[in-house]
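Below is one structure, written out as structure tokens; comments come after it.
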Amino acid sequence: ELTEKNQNVAERATIYAKVADLNYKAGKPAEAEQYLAKAMELDPGNPNFAIQRGDWAAWDGNYDAAFSDYNDTIESIRTALDQAQDLNLDRGTQEYLFNLLQEASDRGADALFQQGKIEETLEFCAAFKEDLKNYGEEGEEPFDVAHPTYGHPVFLTEARALSETWDAAKVAASLEMVQRINDAHPSDITGVRAKNVLKDILEIQVGLVS
């Protein structure tokens with residue numbers, strides 16, 4: 001009732017999305033979907049809601065559906081950034097969307113990798129690096145443009161996919177990238193993940209040599 005009385009449409013939508021998430025985590029998927037549908041109806045331009053729905057699908061192991069939502073989010077953000085001037089998006093909004101694009105890309109790359117779609121993962125990561133060039137600081141390397149929290153994990157997933165090709169040159173490239181990520185994240189969760197991936201890649205490299 002309080003949500004219905006709130007006259008701020010975007011705020012009402014966000015509240016519905018939060019209630020949806022609470023219902024999902026409480027094991028009430030039908031109610032969760034109803035509340036999220038309300039949120040998306042009220043504020044269809046909010047890309048966070050598609051990410052939220054994608055997360056639910058990923059948690060349920062439905063990576064195809066998850067990737068679809070993440071990819072739709074990425075496409076909508078690309079469109080907004082391409083039309084930033086026409087839409088009068090200020091610098092702060094553009095930066096927010098750019099970071100959200102990276103967050104959705106992290107989830108999208110992982111959804112593909114979890115399905116064993118190695119070539120698709122590599123193609124997706126290549127497109128991600130093009131996004132970094134198109135929407136990030138001009139003249140900078142994609143890795144340097146990427147947000148440490150939202151963007152660097154995509155490079156880690158790319159490295160994992162490269163190592164799964166069992167191609168010596170690609171495995172060597174993956175090892176180099178993971179070491180770079182590890183150096184950039186000495187004491188956070190991305191660094192911990194990088195160290196674990198590093199061990200796996202070194203085992204693959206040993207297997208290639210033997």
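The values are calculated or read from the model by the stated rules, or taken from the named source; none is laboratory data. What you are looking at is a predicted structure, and each value in this text was computed from that prediction instead of being measured. So basically every Cβ, Gly included, is an ideal-geometry build from the backbone, and we count neighbours across all protein chains shown. SASA here: full protein model, heavy atoms, side chains in, ligands and nucleic acids out. Shrake-Rupley method; radii C 1.70, N 1.55, O 1.52, S 1.80 Å.
Dividing the alpha-carbon radius of gyration of the chain by the rule-of-thumb value 2.2 N^0.38 Å gives 1.13. Within the straight-line cut-off of under 17 Å between alpha carbons, the lysines reachable from Lys28 are Lys18, Lys38, sequence neighbours fewer than 8 places apart in one chain being disregarded.
With contacts taken as Cα pairs under 8 Å at a separation of at least 6 residues, the chain carries a relative contact order of 12 percent.
Starting from the Kirkwood Rh over alpha-carbon pairs, what translational D in µm² s⁻¹ does the stretch 110-189 have by Stokes-Einstein at 20 °C and 1.002 mPa s? Here the translational diffusion coefficient equals 165 µm²/s. Fully extending the segment from Asn134 to Val9 would add 41.8 nm, taking 0.36 nm per residue of separation and subtracting the current Cα-Cα distance.
Surface exposure of the chain, expressed per residue as accessible area with a 1.4 Å probe, stands at 55 Å². Charge dipole of the chain (Cα centre as origin; +1 on each Lys and Arg Cβ, -1 on each Asp and Glu Cβ, all else neutral): 600 debye, rounded to the nearest 20.
Each Lys and Arg adds +1 at its Cβ and each Asp and Glu adds -1 at its Cβ; summed about the Cα centre, the stretch 167-210 shows a dipole of about 60 debye. Straight-distance candidates among the lysines for linking to Lys170, with alpha-carbon spacing under 29 Å and chain neighbours fewer than 8 residues away dropped: Lys117, Lys129, Lys133, Lys195, Lys199. Grouping the Cα pair distances of the stretch 65-107 into 10 Å bins from zero gives a pair-distance distribution of 31, 52, 17, 1 percent in increasing distance order. Taking the Kirkwood radius as Rh and the Cα radius of gyration as Rg, the stretch 1-86 has a ratio of Rg/Rh equal to 1.02.
Structural descriptor for the stretch 158-210: relative contact order 36 percent, calculated from alpha carbon pairs under 8 angstrom and at least 6 residues apart. Projecting the Cα atoms of Val206, Ala104, Ala66 onto the dipole axis of the chain, where Lys and Arg carry +1 and Asp and Glu carry -1 at the beta carbon, places Val206 farthest toward the positive end.
Karplus-derived 3J(HN,Hα) values for the stretch 172-188, using 6.51 cos²θ - 1.76 cosθ + 1.60 with θ = phi - 60°, are 4, 5, 5, 4, 4, 5, 5, 5, 5, 5, 4, 5, 7, 10, x, 9, 10 Hz; glycine and proline are entered as x. Close amide H partners of Gln115, meaning residues 5 or more places away or on another chain with modelled amide H under 5 Å apart, do not exist here. Volume of the convex hull of the stretch 38-90 (Cα atoms only), normalised per residue: 73 Å³. Dividing the mean sequence gap of close Cα pairs (under 8 Å, 6+ apart) by how many residues the stretch 84-190 holds gives a relative contact order of 24 percent.
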